[in-house]
1. Which value, in debye to the nearest 20, describes the size of the charge dipole of the stretch 2-128 about its Cα centre when Lys and Arg Cβ atoms bear +1, Asp and Glu Cβ atoms bear -1, and nothing else is charged?
2. Hey, what do the phi angles of the stretch 268-277 turn into as Karplus ³J(HN,Hα) couplings, whole Hz, using 6.51/-1.76/1.60 and θ = phi - 60°, x for Gly and Pro?
3. Suppose the chain between Leu221 and Leu101 were pulled fully straight at 0.36 nm per residue; how much longer would it get relative to their current alpha carbon spacing?
4. Do any of Lys45/Lys210; Lys141/Lys210; Lys45/Lys87 go past 25 Å between their Cα atoms, and which?
5. Which listed residue (Gly23, Ala89, Val66) has the Cα farthest towards the positive end of the charge dipole for the stretch 1-144, taking +1 on Lys and Arg C-beta and -1 on Asp and Glu C-beta about the Cα centre?
6. Kindly provide the trypsin sites (Lys or Arg not before Pro) of the stretch 34-116 that DSSP labels as loop, not H, G, I, E or B, and whose Cβ sees at most 16 other Cβ atoms within 10 Å.
7. What chymotrypsin sites (Phe, Trp or Tyr not before Pro) in the stretch 87-180 are in a loop by DSSP, with at most 11 other Cβ atoms within 10 Å of the Cβ?
8. Note the per residue figure in Å³ for the convex hull of the C-alpha positions in the stretch 20-158.
Amino acid sequence: MLELLLVTSMAVHFLALNLACAGPLVCIWFHFFGKEGDLRDRLGKSLAWLSLAAFVLGMLTGGVLVFVAPSAGLRDAMGRFPVHAYKMAAIELVFSFVFMLIYAGCWKPLRRVRWLHALISLLAASNLLYHFPPMMVILGKLATNPSWTPTPILDRPAFRGLMFCGDVFSLTSHFGLASLAVASVAVLVLLSRLPGGDLEQQPVKQIARKAAGLALLSSVLQIPVGIWVLATTTGVERSALTGGDPLSSLMFVGGLILTFLLLQRLVAVAMGEFDSRSLRRVGVLLVVLILLMTATLRGSRRDRESIKTAAENWSLRLVLIDPNEITFC
């Protein structure tokens, strides 16, 4: 039961931060592109407030994962960062929150100053995407493999160096594309709440097709990026996904199947074949996919932790880390 709660909390955390990071960027589209008038304006404002709510939810679930139920590995990994790094992280979070609040709250007053409104959105989203996905990836790597990097204290220069290592940058790219897909699907879910007759209007169809096309593009790009992520994972984690751990492998295959089902639905929407139920179905598919992939990630890393624990219990003092897995940046 505890494992299920942890996986669910992680999935909600990822989904919320996906929307918080890319939602404001998709809102820029509602400022500068298309001719859907009042509908576009209402959707943009709704998405802005939804992104802000997702930001708050992501911070709350992140706090639960870090402070309520942290693993020993995560506590050790957090100790590798100096105190001032967390102070700066708090400042960056407040910065993004304030800018997202201004962006959503001042939607109407700033509607005529589109470039300024869009700049506020860009600053809020880019600040989140630049700082926090790499930091979370590095913490996750260190939590399961303390020897992933030999640097004892990750100050700012060391952190920036690790940001562009292959295994960190691949996962950060994966998160960015996933964020764009989640924000685009959020637009479809907002459209599904319109009365049935409104979905037959041409402006609504245009927005739905563009949002589905954006989600489809980002999801298709996830395929080569996913291969990149798999190629840069450690030997134990890759083994867990490719048959070493039956449950993790099964969830991984299930995630791939759901990915192709999601692509199929997005193609249909992009071609104009949709109703409110099919739009909601796209949202449900995405949520289930994120939940399944989160469970897969958790399972692959738990497999490494179980191996390490077994070695300690038998007092073998084995070196479980392949020298090729140690990254020098």
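1. 480
2. Values per residue, Gly and Pro as x: 4, 5, 4, 8, x, 9, 7, 9, 4, 5 Hz.
3. Full extension of this stretch gives 40.1 nm more.
4. Lys141/Lys210; Lys45/Lys87
5. Gly23
6. Lys35, Arg111, Arg112
7. Phe164
8. 114
None of the figures in this text is laboratory data; all of them are computed from the coordinates on show. Quantities reported herein were computed from a predicted structural model and do not represent experimental measurements. A quick note on method: Cβ atoms are made from the backbone with ideal geometry, for glycine too, and the neighbour counts reach across all protein chains shown.
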